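Presented below is the structure to which this report refers.
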Amino acid sequence: MRYLWFLLLLLPLALSPFPYYLTLLNFFALSAMVVLSLYVLTGLAGMTSFAQAAFMGMGAYATALLTIKAGLSPWLGLGAGLLFALLLALLLGALTVRLKGHFLPLSTIAWQVALYILAGNLVGLTGGHTGLTDLPPIHFFGISLDTGFRYAFLTLFLLVLLVLALYNLRQSRIGRALLALRGDALAAASFGVDPAVLRLKAFLLSGVIAGLAGFLYAHFLRFVNPTPFSLEASIKYLVMAVAGGVGSIPGVMLGAAFFTGLEDWLKDLLPLLLGRQGNYETIGYGLILALILILAPKGLWPLVERYLPSRDLGVPKAEPLSLKSPDGPRGEVVLEVQGLQKSFGGLLAVAGVSFDLRRGEILALIGPNGAGKSTTFNLVAGALLPDRGQVRLFGKEITGLPPYRIHALGLGRTFQHPHLFLELTVLENAALGTYSRTRAGFLQALLGLSRREEERALATAYRALKRVGLESLALEKAERLSVGQQRLLEIARLLASGAEVLLLDEPAAGLRAQEKREFASLLRSLAREGYTVLIVDHDMDLIMGLADRVVVMNYGEKIAEGAPKEVQRNPLVRAAYLGEEEVA
Amino acid sequence: MSLLSVQGLTVRYGPLEAVRGVTFSLKEGEALTLIGPNGAGKTSVLRGLLGLAQAEGKVFLDGAEVRGRSPEALLSWGLVLVPEGRALFPGLSVEDNLLLGGFTRFRRRENLRPDLERVYTLFPRLLERRRQPAGTLSGGEQQMLAIGRALMARPRLLLLDEPSLGLAPLMVQEIYRILGELKREGTTLLLVEQNAKMALSLADRGLVLEAGEVALMGPAEALRQDPKVVEAYLGLSREVEEG
Amino acid sequence: MDATILSFLLLDGLQNGVVYGLLALSLVLVFAVTRVILVPIGELLMFAPLSLVWLLEGKLPGTLWLALVLGGAWALMARGRGALLPLVGGVGLFLLFLLAKEVPPLAYLAAVLLVVYLGVATYRVFFQPMRGATVLSLLIMAVGLHVAYQGLGLVFFGPEQFRPAPLLSGEVVVGLSWQGVLVLLFAALSLMALYLFFRFSLFGKALLAAAENRLGARLLGIRPEEAGMVAFGIASLLAAFSGLLLAPLINAAYFMGFMLGLKGFVAAILGGLASYPVAFLGALLVGFFESFTSFYASAYKEALVFLLLVPALFYQSLRARTVEE
């Protein structure tokens, strides 16, 4: 199916009698590449850049300088261009990927403007606003790509390769992790993603793609000046991406095609209407962007996509990954919590809590609202840093480790409100769990070298779905699931990750009686297989019939520990739950 | 005639029905408490009432049906919520927080001074700390501030969401002493609580919510003795059959 | 460098720095209340002096029509009694413009009110319908409006630079004109007015409250859309005055606002988009830095300012935890 993109290569033949349209076609291909770089950044990773044109400029000026001033081959220029784009991305990204989402785009505006000014003012190096002329054409097996017709084959061919590579990326563990990261960094970290590193890599990839487009741009026009690498240009690319629909590859391609045509038309029309020359098309971009953001925030493609047949991927049949199945003597201590303490602005939320979790048991952590259960849970899972105390997993100290490191050691968690990714399928959601059990990096994913591992990851996810009874829904979007099914899917994601210690945060909230019973029996059978469960909940019906042991907290302290029946009779527990009898 | 009457209130969050068909009413000067274990849908009832969550069902104030609920419109009728988590303005001073409680009345050019005096009489601790940023108060003082701020709007019906949450027992008693005082002065109270014993000692009537539905309703005195309330909280009655 | 040049550079830096400072304060305020990063503030700033020039020449500026069109859209979207403000405001603005042709005092007033009306209408028409959108979407919208307004500025006023006559001419000392004194005076007055507004007016406190806790504010009857309108109104007001006072010193042209606004951003980012005092001090730093770099490397001064972002972002990066939310 996706190989149909190669049909784009027929366009130069169809347009060969019209040199003007061949030029437009080349511009479309170059714009599409830049917009695809925004697909990686915004569509997948949930960040945005207003400096894509600056990355292009890096690629363009690098090759221009090397070929004109040093007389080297354009292919060396390509290498240098990609390198410079990469370095710029590294600098910008390293400074901002850890910050809240808006610092990156804001600082890209500033860098974009600064680089544009430099390109215009470093006259000795860049030729200032007159630019650098007479770049050599690219030669390909002795053929000089010096006409729009010939050049279009190169740009379109590279464009199609890029599209295919990005499809590969989207379908890989990296693509899933990026989408997860965009939706919910906390959840992504809980199954092994290091958010800052993954974001930075996506930013680098995006910069390199734009750099490639810049290189091709320079050798197409065989002339570079600062204008096409301005902030306005960067914004134009962003408008294309958002208008078409930045969440999908066909969406951004549609945006690029639409705006390349529109720009051409506006550039002719507006000066006629206004009776003056100038960059009036920016008005159109701005207003179209505003309208799309208000009326169709997901862009135009979803409106088209509805009428297209959707294709079924089928269920995976490969051999699942070999995960270590939970084993070890029942009753051995797997998780040790000692003197855990945490305060928020003077309020002591957890005041020295200790307990052990033993293999194969279901331990419930209960207590009235505000007792510190959830804080304790988050301290164990690494989502919060304790002020004092220790947590040991399988004898190894994990206190203060980030969630993605703790997860790798065999501890998985769920969330109070299911943290799922509704636009992904049920199978993909479960497959997110396999992130830390698979290895393929960006490059392997792009080149499609990780297919085998990918199939095994999906098979693992499918096996986990079968285990919780969701296999019939594997190919549905997760948004179709009921709350109960969403809870099961979170468990499946844990099972697919090979975690042996399962931390469940209020897993029964929102479930109906029948669903609760099924959920409880699933947990019991998992415990029999050797999984260890720590459950935080306040649903007494569920806990009392399910847990082997109960730890009760109140005011940040442990007030009781023991079998459910003992705990229910404990006067301290009754007082904590029902309140004091007397009123002063 | 009842001051507030709720008929068949259902509250949804996406696919999740947090409250199903809850019906109750409240007379002027009465105190009703909504109790039940965590997750039973108590807070959602309040959110549905105020139009802060997607809700179906009818709500009558003074016998007139309320349509197009918005917190602003209900506020000017006198329906004031002290939310869970208090929603104070931590960077503003205690007194500014209180004055903002009367913001809609201030816009109608009413004098807020007498109300401020009244709040300070009820909560002398707030008077001592009136210049301090609200964020530096202790949990109990913050709860006092949240209640005081709501009083500045001159509520005809005061909704309180878990006023005892996270407070030490002595502070809970202090808060309830003040709520008792408000009740004696004639303020109508709708009190959402997990702390059932405390709430039932204050309220005239109680309503036990379980899994989004009304499980029990009756005079507070009767509910205090009812073993079913204890069961609802501690899960004593039902056995989950072994899988 | 001798003392004369030094004092010249310091005065120049101070004069620009206070303007960046007012823009930075506006940006922090608008961001705190609405989560919008107001990129088009530079265009709003430039619309004021350019509209003034047109009025003084007896012409109606295109910005008036833009404001009226947006005001009309605002009235349509608000309906009912909410439409009264945009309708009355629009008609009033139009009449004022007719009266203000070639009448300097009225023309100044008209230019300021135009920008305030335009700023508030921008919020109601473009940002308020997006409430609940992510900061990123709001930012993309803001950037889109920046390019649209800049393009419209070109249509309305052409590519030329204009230099309106200063309100006060002459120099106090070498390097400090009376107009520059006016700029400093205005900045000082604005700071005092903002301080008084947020310190003593319950309306000001309501605005701070809306920025601190949206739910809490809403429960007390402070409407988020009203708070947003006031925040945009204050930002536009400061931008309009800054533009009018600055234009006789640095000229006015459709494209010039953006760089001024961008330096306001650099300052606001230095304050983490959260702290008002740090943002203002950051703006003074930007002003001095710029004035000294222009002495040593004038061609690159606009680019070098952004270097200040590196340590600021680096510092905040160190403080941030990897996993947010």
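For segment A:67-85 and segment A:513-530, what is the centre-to-centre distance using only Cα atoms, to the nearest Å? Cα centroid of segment A:67-85 versus Cα centroid of segment A:513-530: 62 Å apart. Largest first, the three principal axis extents of the alpha carbons in segment C:114-197 are 51, 39, 22 Å in whole numbers. Taking a Cβ cut-off of under 9 Å around B:Arg105, the surrounding Lys, Arg, Asp and Glu residues balance to a net charge of +2, with basic ones at +1 and acidic ones at -1.
Rounded to the nearest 0.05, what FRET efficiency do B:Ala73 and C:Leu60 have when you use their Cβ-Cβ distance and R0 = 45 Å? Working from the Cβ atoms, E equals 0.65. Taking the square roots of 5 times each eigenvalue of the Cα gyration tensor of segment A:350-463, largest first, gives ellipsoid semi-axes of 33, 17, 13 Å. A Cβ-based charge dipole, computed about the Cα centre of the protein assembly as shown with Lys and Arg at +1 and Asp and Glu at -1, lands at about 560 debye. Extent along the principal axes, Cα only, for segment B:80-154: 32, 24, 20 Å, with the longest axis given first.
When the surface is traced with a 1.4 Å probe over the full set of protein chains, B:Ser25 keeps roughly 50 Å² accessible. Between helix A:483-496 and chain A there is an angle of about 80 degrees, using the helix long axis and the longest principal axis of the Cα atoms.
Residue by residue along A:538-549, Cβ atoms of other protein chains within 10 Å of the local Cβ number 5 on average.
Ellipticity at 222 nm from helices only: DSSP H runs of n ≥ 4 in the protein assembly as shown, each -39500 (n - 2.57), divided by the residue count, give -17500 deg cm²/dmol. Where in segment C:99-134 is the amide nitrogen less than 17 Å from a point lying 7 Å along the Cα-to-Cβ axis of C:Leu167? The answer is C:103-116.
For chain A, the longest principal axis of the C-alpha atoms and the axis of helix A:74-96 are separated by about 40°. If you wrap the tightest convex hull around every Cα atom of segment B:149-194 and split its volume per residue, you get 73 Å³.
For C:Lys59, the lysines whose Cα falls under 16 Å of its own Cα, not counting residues fewer than eight places away in the same chain, are C:Lys101. Taking one quarter of the surface of the convex hull spanned by the alpha-carbon atoms of segment C:105-146 gives a direction-averaged projected area of 3.1 nm². Note down the Stokes-Einstein diffusion coefficient of segment C:259-313 in µm²/s, whole number, using a Kirkwood radius over alpha carbon pairs, 20 °C, and 1.002 mPa s. Once the numbers are plugged in, D ends up at 195 µm²/s. Looking at chain A, what % of its DSSP beta bridges pair antiparallel, to the nearest 5? DSSP beta bridges in chain A are roughly 60 percent antiparallel. Ranking B:Leu9, A:Ala29, C:Val39 by Cα position along the charge dipole of the protein assembly as shown, where only Lys, Arg, Asp and Glu carry charges on their C-beta atoms, puts A:Ala29 farthest toward the positive end. According to the calculation over all Cα-Cα pairs in segment A:177-321, the P(r) per 5 Å bin from zero is 2, 8, 11, 15, 17, 16, 13, 8, 5, 3, 2, 1, 0, 0 %.
Computed over segment A:23-71, the P(r) tail beyond 14 angstrom holds 63 percent of alpha carbon pairs. Taken one residue at a time, the phi angles of segment A:36-49 give Karplus couplings (6.51, -1.76, 1.60, θ = phi - 60°) of 5, 5, 6, 4, 4, 6, 8, x, 8, 8, x, 10, 9, 10 Hz. Gly and Pro are set to x. Between segment C:123-198 and segment C:72-100, the alpha-carbon centres lie 22 Å apart.
Across segment C:48-172, Cα-Cα pairs more than 20 Å apart make up 50 percent of the total. Kirkwood's formula applied to the C-alpha pairs of segment A:415-568 gives a hydrodynamic radius of 16.8 angstrom. Among C:Gly62, C:Gly153, C:Gly216, whose mean-square fluctuation peaks in a Gaussian network model of chain C (Cα, cutoff 10 Å)? Its mean-square fluctuation being the largest, the pick is C:Gly216.
Of all the options C:Asn251, C:Asn213, C:Asn16, the one that moves most in a Gaussian network model of chain C with Cα springs shorter than 10 angstrom is C:Asn213. Here's how it looks for B:Val82: its modeled amide H is under 5 Å from those of B:Leu159, B:Leu160, B:Asp161, which are all 5 or more places away or on a different chain. In terms of its Cα atoms, chain A spans 88, 51, 46 Å along the principal axes, sorted from long to short. Taking the DSSP bridge list for segment A:381-539 and keeping only pairs wholly inside it, about 25 percent are antiparallel. Dipole orientation for chain A: of the candidates A:Leu169, A:Leu198, A:Thr42, A:Leu169 has the Cα lying most toward the positive pole (charges on Cβ; Lys, Arg +1; Asp, Glu -1). Of the residues B:Ala203, B:Ala31, B:Ala168, the one that moves most in a GNM of chain B with alpha-carbon contacts below 10 Å is B:Ala168. Note that segment C:131-141 has calculated 3J(HN,Hα) couplings of 4, x, 6, 6, 4, 5, 4, 4, 5, 4, 4 Hz, one per residue in order, obtained from phi through the Karplus relation 6.51 cos²θ - 1.76 cosθ + 1.60 (θ = phi - 60°); glycine and proline are x. Taken over the protein assembly as shown, the alpha-carbon convex hull comes to 187 cubic angstrom per residue. Computed over the Cα atoms of segment A:2-228, pair by distinct pair, the Kirkwood hydrodynamic radius stands at 18.2 angstrom. Placing +1 on the Cβ of every Lys and Arg and -1 on the Cβ of every Asp and Glu, with no other charges, gives segment A:2-228 a dipole of roughly 480 debye about its Cα centre. Among the listed pairs A:Lys342/A:Lys373; A:Lys201/C:Lys263; A:Lys201/C:Lys301; A:Lys477/B:Lys42, give every one whose C-alpha distance is greater than 21 Å. Check vs 21 Å cut-off fails for A:Lys201/C:Lys263; A:Lys201/C:Lys301; A:Lys477/B:Lys42. For A:Lys267, which lysines qualify as cross-link partners when the Cα separation must be under 21 Å and same-chain residues fewer than eight apart are set aside? Result set, ordered by chain and number: A:Lys236. The convex hull around the C-alpha trace of segment B:58-103, projected and averaged over every direction, spans 4.1 square nanometres. Comparing Cα centroids, segment C:1-52 and segment C:235-298 end up 3 angstrom apart. Shape analysis of segment B:1-112 based on the Cα gyration tensor places the equivalent ellipsoid semi-axes at 26, 18, 13 Å, largest first. A quarter of the convex hull surface defined by the alpha-carbon atoms of segment C:32-257 gives 13.0 nm² as the mean projection. For segment B:89-243, dividing the convex hull volume of the Cα atoms by the residue count gives 152 Å³ per residue.
The values are calculated or read from the model by the stated rules, or taken from the named source; none is laboratory data. Predicted, not measured: the structure shown is a model, and the values here were computed from it. Using ideal geometry, Cβ is built from the backbone for each residue, glycine included, and neighbour counts are taken over all protein chains shown. These area figures cover heavy atoms from the full protein model, side chains too; ligands, DNA and RNA do not enter into them. Shrake-Rupley method; radii C 1.70, N 1.55, O 1.52, S 1.80 Å.
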